[in-house]
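Participant: I have a structure I would like to understand better, so I am pasting it below and will then ask my questions one at a time.
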Amino acid sequence: MLYQLYETQRSLMEPFSDLALAAAKLYNNPLSVVGQNPFAQRLSAGYDLMHRLGKDYEKPEFGLRTIDVDGVDVAIHERVELNKPFCELRRFKRFTDDTTTLGKIKGQPVVLIVAPLSGHYATLLRDTVKTMLKDHKVYITDWKNARLVPLADGEFHLDDYVNYVQEFIRHVQGKYGNCHVMSVCQPTVPVLAAVSLMASRGETTPLTMTMMGGPIDARKSPTAVNNLAMNKSHSWFENNVIYRVPSNFPGAGRRVYPGFLQHTGFVAMNPDHHAKSHYDYFKDLIKGDDASTEAHRKFYDEYNAVLDMDADYYLETIQVVFQEFSLVNGTWDVKNPQGKLERVKPADIKTTALMSVEGELDDISGAGQTEAVHDICSGVPKSQQRHFEAKGAGHYGIFSGRRWREHVYPQVKAFIKAHPLPVAKAEPTAKPAPAATVSKPAAKPVLAKKVAVAPVKPAPTAPKKVATKRSVKSK
């Protein structure tokens with residue numbers, strides 16, 4: 001019922017939002033009559049803010065067309081390589097006609113970025129992808145809005161998430177031999193489970209795993225997000241935050257955790273910060289600060305675009321990660337595509353190097369939660385483990401913005417570079433038989449340019465001795 005009320009309210013607000021945008025443009029036009037009003041700039045700013053507060057935010061595009069690689073513009077072609085009911089495996093293929101640059105990027109490592117399925121779209125990692133593309137071949141998981149997935153496509157569970165990740169890893173390995181995996185926030189847990197299961201089966205595991213700001217062990221330094229999940233029962237979440245998709249969407253009838261509830265929760269964590277940000281936007285519009293206003297729009301176009309999550313996946317994540325701590329307690333069983341339960345054993349990982357990244361000021365995943373991965377991955381040699389804390393960085397700062405580009409990324413890049421794909425050894429060529437080996441009657445040696453040749457001991461069956469310029473004594 002709540003979902004239907006929200007959609008009704010949004011539909012009623014849409015024409016007013018569009019009208020506010022038109023008014024903002026009219027008052028901001030110096031050639032219009034109303035634009036001559038001394039308060040025109042303030043009125044335009046007010047209408048613009050009203051439009052942004054009331055508009056519907058759709059899924060943004062990655063919008064990556066080119067990147068700069070050592071001063072050369074490299075074209076980016078974004079395409080879907082695997083299309084699953086609830087996720088797309090998206091690749092950013094690079095093209096250039098500069099032969100030197102082409103040779104350089106062909107040999108660069110392959111990275112699979114597993115984006116979070118926690119309310120926002122994968123485009124939240126746009127800056128992550130753009131930065132990584134300078135030195136890596138990049139794939140990313142692009143999760144679909146559950147309200148757009150028809151009921152005929154079935155349910156989506158946390159186990160399905162783990163199985164998706166394994167399938168994506170195998171796909172990339174099949175093309176390049178192996179790959180590196182990087183997970184940001186929520187997917188650190190299912191990614192670790194996926195690699196653990198592959199290791200337990202004896203499959204080839206990724207060269208490295210980079211875990212960034214995720215709740216591996218949510219018991220450490222619990223945040224407001226953790227406390228909510230820990231203090232409310234499973235039935236409370238099912239009865240209070242799960243709703244069915246309204247009839248005007250392809251996924252009508254599907255049980256979901258609506259994105260607008262997740263967005264409300266995000267804003268409620270820092271209401272003063274968001275209120276100040278919007279007020280600063282209003283003042284920047286009045287001043288005509290185009291750079292600041294555009295930065296605000298870009299951030300909130302991304303931040304306000306949210307997706308619904310399938311109810312089964314959401315409720316199981318709450319239970320497994322934040323209530324039973326199944327991963328760190330060693331009690332997590334995952335159902336594979338064949339319907340068989342398999343125990344997640346991180347200690348079975350032995351050949352995948354491990355790096356954890358945390359932000360000093362992270363208010364989503366507290367200090368020590370991600371670093372805990374090193375304790376449970378006891379099979380990985382200590383020499384292959386690394387932890388990095390980004391000073392002054394919050395949750396988003398470890399994968400987006402200046403701190404990500406200047407402090408975190410150089411560490412991640414160096415870690416990946418230190419674990420390259422082993423070069424296949426060439427088959428050894430057969431060694432020729434020694435020249436002095438005699439299996440038949442010895443022939444007269446051929447002397448080139450009068451170079452002395454060591455005497456050859458005659459074979460036992462030789463009918464006569466081979467003469468040389470020097471006498472040969474028998475031994």
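Each reported figure results from applying straightforward, stated rules to the coordinates on display, with no laboratory input. This is a predicted model, so every value here is computed, not measured. All Cβ positions, even for glycine, are placed from backbone atoms using ideal geometry, and neighbour counts span all protein chains on display.
Participant: Under 14 Å between alpha carbons, and skipping anything fewer than 8 positions from K350 in its own chain: which aspartates and glutamates qualify?
Facilitator: Within the straight-line cut-off, K350 pairs with E203, D375.
Participant: Continuing with the same structure: For Kirkwood radius over Cα pairs in Å, the choices are [x] 26.2; [y] 23.9; [z] 24.7; which was calculated from the structure?
Facilitator: Correct label, based on the coordinates given: [x].
Participant: Sticking with this one: Give me the angle, in degrees from 0 to 90, between the Cα long axis of helix 188-200 and the longest principal axis of the Cα atoms of the chain, rounded to the nearest 10.
Facilitator: 30 degrees
Participant: Still on this structure: For T351, T370, T8, which order do you get if you count the other beta carbons within 10 Å of each Cβ and list the fewest first?
Facilitator: T8, T351, T370
Participant: Identify the residues of region 281-325 with backbone N under 15 Å of a label point that sits 7 angstrom from the Cα of R42 along the Cα-to-Cβ direction, or state none.
Facilitator: Only 282-288 fall inside the zone, counting backbone N under 15 Å.
Participant: Just want to confirm a number: the relative contact order over region 301-359, from Cα pairs under 8 angstrom separated by 6+ residues, in percent.
Facilitator: Values: 25 pairs, mean separation 9.6, N = 59.
Relative contact order, region 301-359: 16 percent.
Participant: Next question, about the same structure. Along the principal axes of its C-alpha atoms, what lengths does region 2-54 span, in descending order and rounded to whole Å?
Facilitator: 44, 14, 10
Participant: Given a Förster radius of 35 Å and the C-beta distance between F16 and Q319 as r, what FRET efficiency does 1/(1 + (r/R0)^6) yield to the nearest 0.05?
Facilitator: The value I calculate is 0.30.
Participant: Another question about this same structure. Report, in listed order, any pair from K93/K144; K106/K340; K232/K382; K175/K298 with a Cα-Cα distance greater than 30 Å.
Facilitator: K106/K340; K232/K382; K175/K298, as the Cα separations exceed 30 Å there.
Participant: With a cut-off of 17 Å, note down the residues of region 364-408 whose backbone N falls inside the zone around a label point 7 Å from the Cα of R219 toward its beta carbon.
Facilitator: 366-378, by backbone N distance to the label point.
Participant: Oh, and also: So how far apart, in nm, are the two label points at A291 and H407 if each is 7 Å from Cα heading toward Cβ?
Facilitator: 2.2 nm
Participant: If packing is taken as the average number of other Cβ atoms within 10 Å across a peptide's residues, how do 317-327, 35-45, 175-185 rank, most packed first?
Facilitator: So the order, starting with the most tightly packed, is 175-185, 317-327, 35-45.
Participant: Residue separation times 0.36 nm, minus the C-alpha to C-alpha distance between T100 and Y176: what's the value? List each step's numbers first, then the result.
Facilitator: Working: separation 76, 0.36 × 76 = 27.36 nm, distance 2.12 nm.
Using 0.36 nm per residue and subtracting the Cα-Cα distance, I get 25.2 nm.
Participant: Which whole-number percent is the relative contact order of the chain (Cα, under 8 Å, 6+ apart)?
Facilitator: RCO, the chain: 16 percent.
Participant: A further question on this structure: Starting from the Cα of A252, step 7 Å along the direction of its Cβ; do the same at L53; then give the gap between the two resulting points in nm.
Facilitator: So the two model labels end up 3.4 nm from each other.
Participant: With label points built 7 Å along Cα→Cβ from the Cα atoms of V267 and Q9, find their separation and express it in nm.
Facilitator: 0.9 nm
Participant: Taking H as built 1.01 Å from N, whose amide H comes closer than 5 Å to the amide H of E88, not counting residues under 5 places away?
Facilitator: Long-range HN contacts for E88: D142, W143, K144.
Participant: Counting only helical runs of four or more DSSP H residues, what would the 222 nm mean residue ellipticity of the chain come to if each run contributes -39,500 (n - 2.57) and the total is spread over all its residues?
Facilitator: Working: 15 runs with 169 residues, N = 475.
Per the formula, -11000 deg cm²/dmol.
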